[in-house]
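**Q** This is the structure I want to talk about, given as structure tokens.
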Amino acid sequence: MARPSVSARLHDLERQRAQVLSHPLARGIAPDEVQRFLATLPDQRFPSLCYAARGATPLIQPRGGVPLFEDQLALTQALSSAGADFIPLTIDSYTRHNQYDTATQLLKRSEEEGRSYLNGYPLVSHGHELTRQLYVGLDKPVSLRHGTPDARLLVEVAIASGIVEIEGGGLCYCLPYSEGFPLDRCLLYWQYVDRVCALYSTPQRPVHRESFGPLSATLVPPAIAMAIEIVEALLAAEQGVASFAVSFGQTGSFIQDVATARVLRKLARHYLDEFGFGSVRLSLVYHQWMGQFPAQRERAAALIAGSALIAGVIDADKIVVKTVDEALGIPRPSVNAEAVDTVRYVLRTFSAAGAIDSPTIELEATLLESEVRSILGAIFALSGDVFWESVYRAFQLGYLDVPFSPHADNANKLVSMRDGNHSIRISDAGQVPISAADAATERRLLEARADRSDLTYRQMLADISLMV
Amino acid sequence: MTAGAPRRPRLVIGVIGDDIHVVGNRIMHLALEESGCQVFNLRTRNRPEHFCQAALETNADAVFVSSLNGEGEYWCADFRHRLTAMGMGQVLLYVGGNVVVGNRPEAEVEALFRGYGFDRVYHQRPDIGAAIVDLFEDLKNGTTQRIRATA
């Protein structure tokens, strides 16, 4: 039995770190120099200070990454002028899979031919010295968005570039993003990332970590997403991370979004406190609809506005926004800037923060809280010398089962569908350890839906395409 | 299949190439199981030899190859040949998804894969229902390739 504990903190990082930093593309990163560089950045570059200072509405973050430095600079300036509160740096998929040579070759080709051969910014290929130049004079945080199972070098380069919000985690950046990366190795590599974030933190200005709750963004029951978010918060806290955001993706159900936000906030705080991490600053991030997007721009705009409204209702600390071109491909900077403006407009005009409640929301929150407690309780009870080993066991046993994960070792026993409120229900829990009573409630709510298709797969297709 | 045998149809399914689009694969798995088949799912990132070895191991009646990113055209050319070489030439062979890159007429795509030895081709058809109806028809009648060859 292994519960989260500060005794799991890595104390012998030096050898591994020297090896990571010996990569030619680390370009001689020296932690002492990076620490001095970080000290020169304004306070507003650090997410925890922005979260503490935010007003009544959520902070806004778009997504965006392009291969060429000049284009990324233009995108950064466009998003900043449009009123983005966080500036994204989205990484290309070759870099995400540690294929730095390919990323470097395709960067060169993109530069020569003036068209994009990469779907993001190849940060490791560009290096920290050049990337620092993207953010000279910027007074808002930069967020690293990727999907990298082994992000050790990438994160070293990111922090050396002045990027002090690092998204990801051993579960959330493996199960939705990788077919074959061994999960145990991924958990260990993310311990390294968490530890490096902690080492670069100062008490006033911590390097901030954020988990990625949407996962596969396809019928993921909120209890699964919340259990994974809380596990990753605990793993990060073990390594000394002092500022952490849990997140989740819009479920498609207003009721379930409100209930999920309430339970996630409450339980993340509860478990951090229980295991001695009461000083960790916690925030909540809401992702606009991450599933299949409508190709029709008017519908996409309506969806973006609707989810902005929900972000206000649940009083998210930050909302990550989509664009009207989501279904079509990577958006142009102007379209991205428009999305920021739309969300800002909705948050300002429909300022709705404050408690919202109904018996249905209450029932949903009670059910979700009970499920998350059951899953986490079962993980804490598993064998292992340290917590990450119990987490790995939980995955092997199918306790953590992410629907539509491409990962070869994901259990795929859990089956989920939508009920009459569009809430995501567990129709078969597989090996996920929720109580018999909760499983029965899930099925009862599902069966109450009047317009169900007789065929599971037809219903699932309809449920996946909900927003189209 | 031997007449009267209580055996459920045995199917190998999976996504070909370096494609990790898993949503359709999962839906297919559920749909085929729901229709009474025994499904051996290779999931994502498979080479032709993975499908053929699995067909041999499981004594499959049919193989469903999926491609969402269009890699299908590159990988599928010698599929029937491989199966025949291992004594599995009678296996039904289906392909579906976005099986080629770019916008090409459906008839052209179908002819291409028929030429590769596939029994049925479902290019850009979102519902697998029609394929399941065809499958049960073909299980009774045998491969459409052989019928055509002997006609």
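Taken together, the values in this text are just the output of simple stated rules run on the coordinates, not laboratory data. As the structure is a computational prediction, the values presented were derived from the model and not from experiment. Positions of Cβ are generated from backbone atoms using ideal geometry, with glycine treated the same way; all protein chains shown enter the neighbour counts.
**Q** Using only atoms on other chains, find how many Cβ atoms lie within 10 Å of each Cβ of peptide A:57-64 and report the average.
**A** Mean partner-chain Cβ count within 10 Å for A:57-64: 0.
**Q** Using a/c under 1.5 as the rounded threshold, could you call region A:397-468 rounded, prolate or oblate? The axes a ≥ b ≥ c are square roots of the C-alpha gyration tensor eigenvalues, and prolate needs a/b larger than b/c, oblate otherwise.
**A** oblate
**Q** If amide H atoms are built 1.01 Å from N in the plane of the peptide, which residues on other chains or at least 5 residues away come under 5 Å of the amide H of A:Arg418?
**A** Under 5 Å from the amide H of A:Arg418: A:Arg425.
**Q** Something else about it: Convex hull volume of the Cα atoms in region A:6-349, per residue, in Å³?
**A** Hull volume normalised by residue count: 126 Å³.
**Q** Rank A:Phe275, A:Asn336, A:Ser110 by how far each Cα sits towards the positive end of the charge dipole of region A:6-349 (+1 on Lys, Arg Cβ; -1 on Asp, Glu Cβ) and give me just the farthest.
**A** Of A:Phe275, A:Asn336, A:Ser110, it is A:Phe275.
**Q** Considering only the protein assembly as shown, what is the antiparallel percent among its DSSP beta bridges, to the nearest 5?
**A** 10
**Q** Which cross-chain or sequence-distant (5 or more) residues have an amide H under 5 Å from the amide H of A:Ser283, H modelled 1.01 Å from N in plane?
**A** So A:Ser283 has HN proximity to A:Phe244, A:Ala245, A:Val246.
**Q** Of B:Gln53, B:Leu11, B:Ala131, which is farthest along the charge dipole of region B:10-150 in the positive direction, counting Lys and Arg as +1 and Asp and Glu as -1 at C-beta?
**A** B:Gln53
**Q** Next question. Output the peptides A:226-233, A:344-351, A:82-89 sorted from most to least packed, where packing is the average of other Cβ atoms within 10 Å over each peptide's residues.
**A** With the highest mean Cβ count within 10 Å placed first, the list reads A:226-233, A:82-89, A:344-351.
**Q** Using only DSSP helix segments of four residues or longer, with each worth -39500 (n - 2.57), what per-residue ellipticity at 222 nm results for the protein assembly as shown after dividing by its residue count and rounding to 500?
**A** -14000 deg cm²/dmol
**Q** I would also like to ask the following. Determine the shape class of region A:1-82: with a ≥ b ≥ c the square roots of the Cα gyration tensor eigenvalues, call it rounded for a/c under 1.5, and otherwise prolate if a/b is greater than b/c, oblate otherwise.
**A** Oblate shape, in that a/c is at least 1.5 and b/c is the bigger or equal ratio.
**Q** Related question: I'd like the mean, over residues of A:405-413, of how many other protein chain beta carbons sit within 10 Å of each residue's own Cβ.
**A** Counting other chains' Cβ atoms within 10 Å and averaging over A:405-413 gives 3.
**Q** Just how many pairs of Lys in the protein assembly as shown have C-alpha atoms closer than 30 Å, counting pairs that are eight or more places apart or on different chains?
**A** For the protein assembly as shown, qualifying lysine pairs total 8.
**Q** Here is a follow-up. Averaged over peptide B:20-31, how many Cβ atoms belonging to another chain are found within 10 Å of each residue's Cβ?
**A** 6
**Q** Could I ask something else about it? Please name whichever of A:Ile314, A:Thr57, A:Gly127 sits farthest to the positive end of the charge dipole of chain A, dipole taken about the Cα centre and charges placed at Cβ: Lys and Arg +1, Asp and Glu -1.
**A** A:Thr57
**Q** List, in order, the whole-Hz ³J(HN,Hα) value for each residue of region A:445-459 obtained from phi through the Karplus relation with A = 6.51, B = -1.76, C = 1.60 and θ = phi - 60°; use x for Gly and Pro.
**A** Once rounded to whole Hz, the list reads 5, 5, 5, 6, 5, 6, 9, 6, 7, 5, 9, 3, 5, 5, 5.
**Q** For region A:59-182, what does the alpha-carbon gyration tensor say about shape, rounded, prolate or oblate, given a ≥ b ≥ c as the root eigenvalues, a/c under 1.5 as rounded, and a/b over b/c as prolate?
**A** oblate
**Q** Placing +1 at every Lys and Arg Cβ and -1 at every Asp and Glu Cβ, with all other atoms neutral, what dipole size does chain A have around its Cα centre, in debye to the nearest 20?
**A** Using only the charged Cβ atoms, the result is roughly 360 debye.
**Q** Using the Karplus curve 6.51 cos²θ - 1.76 cosθ + 1.60 with θ = phi - 60°, what ³J(HN,Hα) values do you get for each residue of region B:50-60, in whole Hz, with x for Gly and Pro?
**A** Rounded to whole hertz, the list is 5, 5, 5, 4, 5, 4, 5, 4, 9, 6, 6.
**Q** Using θ = phi - 60° and the Karplus curve 6.51 cos²θ - 1.76 cosθ + 1.60, what whole-Hz ³J(HN,Hα) does each residue of region A:184-192 get, with Gly and Pro shown as x?
**A** Listing the rounded values in order: 5, 5, 4, 4, 5, 5, 6, 4, 4 Hz.
**Q** Sticking with this one: Please work through chain A and write down the cysteines that have no neighbouring cysteine Cβ at a distance under 4.7 Å.
**A** Cys with no partner Cβ under 4.7 Å: A:Cys50, A:Cys172, A:Cys197.
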